[in-house]
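Notes follow once the structure below has been shown.
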Amino acid sequence: MKLSKNYIQTFIFVLVYLFAIYFWSQPYHERKIPYGEYDAMSHFEVGDYMAFNDKSIVYLPPYIDLRYGYDNKFKPHTLWYAPPFHASLGVMQILGGDRFLPIFLLNTIMATFVIITLYFVVNSLFGFLPAILSSLLIIFSPRDFMPYLWGQWPERFGYSFVPLILYCFYKYFIEFSNNDNKPLYLYLTAMLSGISFLIHPLSFFHAVFGLIVLYILLSLKQKKFVFNWKHTLTAAIIFLAMFMAFPYQTLNIFPEIGIKKTEDN
């Protein structure tokens, strides 16, 4: 039986990704205990608390609130990020049947998810060789694995959506320029942007900057501006619906950037 080229390329990428999981998980191969600095401690504590109590939370328990109660300047004593990320840690802890290893394995998978998204985007645009080489470079990139080791887990996972956000907008722009007015890719851009924001706002802001630069470059290349009020308004509604799903957390960006401050009651 002759294997197709796509199967061989996919098999090579799977091997590369499995090596990435192995390489990034070395800190807990022998010593199955927590590692990292303050970020790691805070995220582990919240996920561990959710698993122990079998529920997601918004308001912080006293022993976590003592250290992180004012990290959310919009609504003190509540989670500073939207609950789903930490809830996933708690769920993984329950499913894995261990307090430490499942959480750190899930974080390894989420931190290396950028390898998958980058491979998909580069392979779609430039082919297999640039994609697999990009994936290999990410594995050994200190800018990627060092924040993961320090414990900046939501940030690492959030950035993995940036290539997909830019790719979806690129597809929308090109299709619209070719008189294909289907807005699916723009709506996907809005949805993925909302997911990125709920995971970590910093990754969202970098995605927005990337979208602005991409829009300018594509407009210059195509010698036309792409804009549709209906598509844009619908995409904005999709994003805002996700943004307001957890207002205590998402509105925290305003005091963080100095627009508004709220005093603790």
Pairwise label distance in nanometres, His206 with Leu129, each label 7 Å out on the Cα-Cβ vector
2.9 nm
Within the chain, which DSSP H helices have Cα atoms that stretch 27 Å or more along the helix axis and a mean Kyte-Doolittle hydropathy of at least 0.0?
5-24, 201-222
Work out the count of Lys pairs in the stretch 137-265 where the Cα-Cα distance is under 24 Å, with the pair 8 or more places apart or on different chains.
9
With all protein chains present, calculate the accessible area of Ile199 using a 1.4 Å probe and round the result to the nearest 10 Å².
20 Å²
For the full complex of protein chains and a 1.4 angstrom probe, list Glu256, Glu175, Glu155 by accessible area with the highest value first.
Glu256, Glu175, Glu155
Could you check how much of the accessible area of the chain is carbon and sulfur, as a whole percent, using a 1.4 Å probe?
69 percent
Relative to 2.2 N^0.38 Å, what does the C-alpha radius of gyration of the stretch 48-98 come to as a ratio? Two decimals please.
1.16
On average, how much accessible surface per residue is there in the stretch 1-160, in Å², for a 1.4 Å probe, leaving out ligands, DNA and RNA?
53 Å²
Can you give the calculated 222 nm mean residue ellipticity of the chain, where each DSSP H run of n ≥ 4 adds -39,500 (n - 2.57) and the sum is split over every residue, rounded to the nearest 500 deg cm²/dmol?
-22000 deg cm²/dmol
So if I place +1 on the C-beta of Lys and Arg and -1 on the C-beta of Asp and Glu, and nothing else carries charge, what would the dipole magnitude of the chain be about its Cα centre? I want it in debye, nearest 20.
980 debye
From Cα coordinates alone, what are the radius of gyration and Dmax values for the chain in angstrom?
20.3, 71
Just to confirm a number: summing +1 for Lys and Arg and -1 for Asp and Glu over residues other than Phe157 whose beta-carbon lies under 13 angstrom from that of Phe157, what do you get?
-2
Please report, in whole Å³, the volume per residue of the convex hull around the C-alpha atoms of the stretch 29-185.
155 Å³
Translational D (Stokes-Einstein, µm²/s) of the stretch 176-235 at 37 °C and 0.692 mPa s when Rh comes from the Kirkwood sum over C-alpha pairs?
261 µm²/s
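The values are calculated or read from the model by the stated rules, or taken from the named source; none is laboratory data. This one's a predicted model, so the numbers in the text were calculated from it and none came from an experiment. No Cβ is skipped: glycine too gets one built from the backbone with ideal geometry, and neighbour counts run over all protein chains shown. Areas reflect the complete protein model, heavy atoms only, side chains present, ligands, DNA and RNA absent. Shrake-Rupley method; radii C 1.70, N 1.55, O 1.52, S 1.80 Å.
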